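Here the structure comes first, spelled out in structure tokens, and everything after it is commentary.
None of the figures in this text is laboratory data; all of them are computed from the coordinates on show. This structure is a prediction, so every number in the text was calculated from the model and none was measured. Positions of Cβ are generated from backbone atoms using ideal geometry, with glycine treated the same way; all protein chains shown enter the neighbour counts.
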Amino acid sequence: MTRLLDSVGAKTLWHQGWYGPAQHLESPNFDLRPPGSAVELLVVHSISLPPGEFSNGNVQRLFTNQLDCGQHPYFELLRGLRVSAHFFVARTGELWQFVSCDVRAWHAGLSTFCGRDNCNDYSIGIEMEGLEGYGFDSPQYQSLATLCRAIILNYPVRHIAGHEHVAPGRKHDPGPGFDWPLLQEQLAASGTHAIQFPQDFPGNL
Ligand SMILES: [Zn+2]
């Protein structure tokens with residue numbers, strides 16, 4: 001009964017792929033998922049712009065094509081780039097959404113998961129504000145776990161992986177500072193099981 005009520009509650013949290021508790025800031029960087037592709041994977045990333053500087057609005061600007069690339073030498077690398085993620089979890093735990101989960105955001109690039117290419121087709125991308133190799137803050141994990149649970153109740157997600165796992169060698173985020181067992185524990189504590197994490201199939205991605 002609890003699970004049924006949870007499911008009903010989760011449904012009311014969503015409207016056309018938009019998650020109610022998030023702040024919505026629509027990105028033009030999306031397109032349709034290929035016909036028949038279900039959301040089966042969550043891809044966790046990390047980002048900060050410039051790297052290591054937080055809470056300045058630059059990530060929101062990047063995902064909405066508003067970043068002034070002349071503002072910092074690092075931003076030159078991003079000039080002309082059109083990217084997005086579905087979600088961004090700030091250091092405070094504050095949650096932003098840029099793309100409806102019902103459509104395809106542009107976050108994973110060239111990628112493969114369990115032999116399937118183009119992870120963007122069948123995944124939801126979640127960016128954690130942070131720097132590869134460094135840790136993340138407790139409110140971020142809480143916010144991420146709550147979000148993952150809400151997504152899992154609403155979409156047929158079966159796996160959670162990092163960008164580094166679906167684009168090995170090319171991408172390294174969220175990196176060794178990300179606490180996968182903690183996220184798994186938090187989800188299990190809220191009754192969310194049967195999701196595969198990277199630690200469940202080492203070397204098998
Ligand atoms: Zn990434």
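Label separation (Thr12 vs Ala38): 2.6 nm, computed from points 7 Å beyond Cα along the C-beta direction. Report, in degrees rounded to the nearest 10, the 0 to 90 angle that the Cα long axis of helix 2-13 makes with the longest principal axis of the chain. Compared with the principal axis, the helix lies near 30 degrees. Suppose we look only past 27 Å in the calculated P(r) of the chain. What percent of the Cα-Cα pairs does that tail hold? Percentage above 27 Å: 24.
Two numbers describe the Cα atoms of the range 94-205: Rg and Dmax, which are 13.4, 34 Å.
Over the range 68-158, all Cα pairs binned in 10 Å intervals from 0 give whole-percent P(r) values of 15, 38, 38, 9, 0, listed from short to long. Counting 0.36 nm for each residue step from Leu81 to Thr64 and taking away their Cα separation leaves a gain of 5.0 nm.
Once the Cα atoms of helix 138-154 and of the chain are each reduced to a long axis, what angle between those two axes, in degrees from 0 to 90 to the nearest 10, is obtained? Computed tilt is about 60 degrees. The calculated FRET efficiency for the pair Arg158 and His72, based on their C-beta separation and a Förster distance of 41 Å, comes to about 0.55. Short-range pairs are left out: with C-alpha atoms under 8 Å and at least six residues apart, the relative contact order of the chain is 26 percent. Relative to the longest principal axis of the Cα atoms of the chain, helix 180-189 runs at roughly 40 degrees. The distance between label points at Ser55 and Gln142 comes to 1.5 nm (points 7 Å beyond Cα on the Cα→Cβ vector).
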